[in-house]
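Enquirer: Pasting a structure here, questions to come.
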Amino acid sequence: CILQTRLQAGQGYGNTLSCVLTVYRNESVAGFFKGMSFPLASIAVYSSVVFGVFSNTQRLLSQLRHGDPARAPALADVALASVVAGFVSVGIGSPVDLVKIRLQMQTQPYIKANIKLQPTVPGFPVYRGPIHCFRTVLKKEGIAGMYRGAGAMLLRDVPGYCLYFIPYTFFCGWITPDGCISPNPSSVWLAGGVAGVISWGTATPMDVVKSRLQADGVYLNKYKGTLDCILQSYQNEGLKVFFRGITVNAVRGFPVSSAMFLGYELSLKAMKRDQTETNP
């Protein structure tokens, strides 16, 4: 979401409404979709891998502990599976996030013909698109450059996924009627949405740090690392800087997480049904 990125890593946006109006005034409706082609193209793979890792880790732990992979996991198993999913998410998601944020933090160029602009001057675009951005970062900064901000992302995603899957498991079990083998779609939708709000709300401080580190380097390198980014951000803007974009994160977290968990549970049901039909 460009609003989240601009609020967290940009300057001059007082609040969410101010950010919306500024983006629309300067970049029109197209500005809200800047940098989204790469994430949209990879979101299905990313979500499938993360949820698959979470589910299979739970099954493995149930098999090791109880000898039955289908047994309902204990809270400790859910937490451990969440941690593993968090590590995997950083490995595959960090380059995608970096490309998205680099593209979103570019200021739109002046639309004038036959004028060659220096790409290193702030205010003018450095990257022509996601592929060009990926290749440029890889060429200039190497693999380490593609994983810039991965430390902050790890500190965001490991506890973030714990506060994603654990609340979901708890709320889903709480609102599912007794005697039901699996939760109904409405329970999944509500529990998933609540889990998304909790997770994104608590992950916002490290999300701010991650966004700033990944945006850093478009024109110059301001931060030496995660701790330096935290200290500089706090010294310059105070504690409130770590809660920039929390409203956008929470509002977006409910519908996105509801859809994610609904798709996850429906997929599990379909696979279980196919296994039952295959092995009567």
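Enquirer: Does any residue of the stretch 219-242 turn out to be touching a Ser or Thr at 6+ places or on another chain (Cβ under 9 Å) and either closer than 20 Å to S48 by Cα or part of a helix (DSSP H, G or I) (or both)?
Expert: Among the residues of the stretch 219-242, at least one is touching a Ser or Thr at 6+ places or on another chain (Cβ under 9 Å) and either closer than 20 Å to S48 by Cα or part of a helix (DSSP H, G or I) (or both), which makes the answer yes.
Enquirer: Considering the stretch 229-257 alone, what residues qualify as being touching a residue at least 12 places away in the same chain (Cβ under 8 Å) and over 21 Å from P167 (Cβ atoms)?
Expert: Of everything in the stretch 229-257, those that are touching a residue at least 12 places away in the same chain (Cβ under 8 Å) and over 21 Å from P167 (Cβ atoms) turn out to be C229, I230, S233, V241, F242, R244.
Enquirer: How many residues are among the aliphatic types (A, V, I, L, M), open to solvent by 40 Å² or more (accessible area, probe 1.4 Å), assigned to a helix (DSSP H, G or I) and more than 9 Å from S257 (Cβ to Cβ) when one looks only at the stretch 180-200?
Expert: 2
Enquirer: Also, quick follow-up: Regarding I175, is this residue open to solvent by 20 Å² or more (accessible area, probe 1.4 Å), under 18 Å from I246 (Cα atoms) and of a type in the set (V, I, T)?
Expert: Spelling it out, it is not the case that I175 is open to solvent by 20 Å² or more (accessible area, probe 1.4 Å), under 18 Å from I246 (Cα atoms) and of a type in the set (V, I, T).
Enquirer: Shifting gears a bit: So how many residues does the stretch 135-167 have that are touching a residue at least 24 places away in the same chain (Cβ under 8 Å) and more than 17 Å from the chain's Cα centre (by Cα)?
Expert: Residues flagged as touching a residue at least 24 places away in the same chain (Cβ under 8 Å) and more than 17 Å from the chain's Cα centre (by Cα) within the stretch 135-167 amount to 5.
Conditions tested, residue by residue: (1) farther than 27 Å from E265 by Cα; (2) of a type outside the set (V, I, T); (3) modelled with pLDDT of 85 or more.
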{"position": "T136", "(1), (2), (3)": "yes, no, yes"}
{"position": "G142", "(1), (2), (3)": "yes, yes, yes"}
{"position": "P159", "(1), (2), (3)": "no, yes, yes"}
{"position": "L190", "(1), (2), (3)": "no, yes, yes"}
{"position": "G201", "(1), (2), (3)": "no, yes, yes"}
{"position": "T204", "(1), (2), (3)": "no, no, yes"}
{"position": "S211", "(1), (2), (3)": "yes, yes, yes"}
{"position": "N221", "(1), (2), (3)": "yes, yes, no"}
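Enquirer: Can you pull out the residues in the stretch 58-87 that are among the β-branched types (V, I, T) and at pLDDT below 95?
Expert: V78
The values are calculated or read from the model by the stated rules, or taken from the named source; none is laboratory data. These figures come from a predicted structure and were not determined experimentally. With ideal geometry, Cβ positions are generated from the backbone for all residues, glycine too; neighbour counts draw on all protein chains shown. Only protein heavy atoms, including side chains, enter the accessible area calculation; ligands, DNA and RNA are left aside. Shrake-Rupley method; radii C 1.70, N 1.55, O 1.52, S 1.80 Å.
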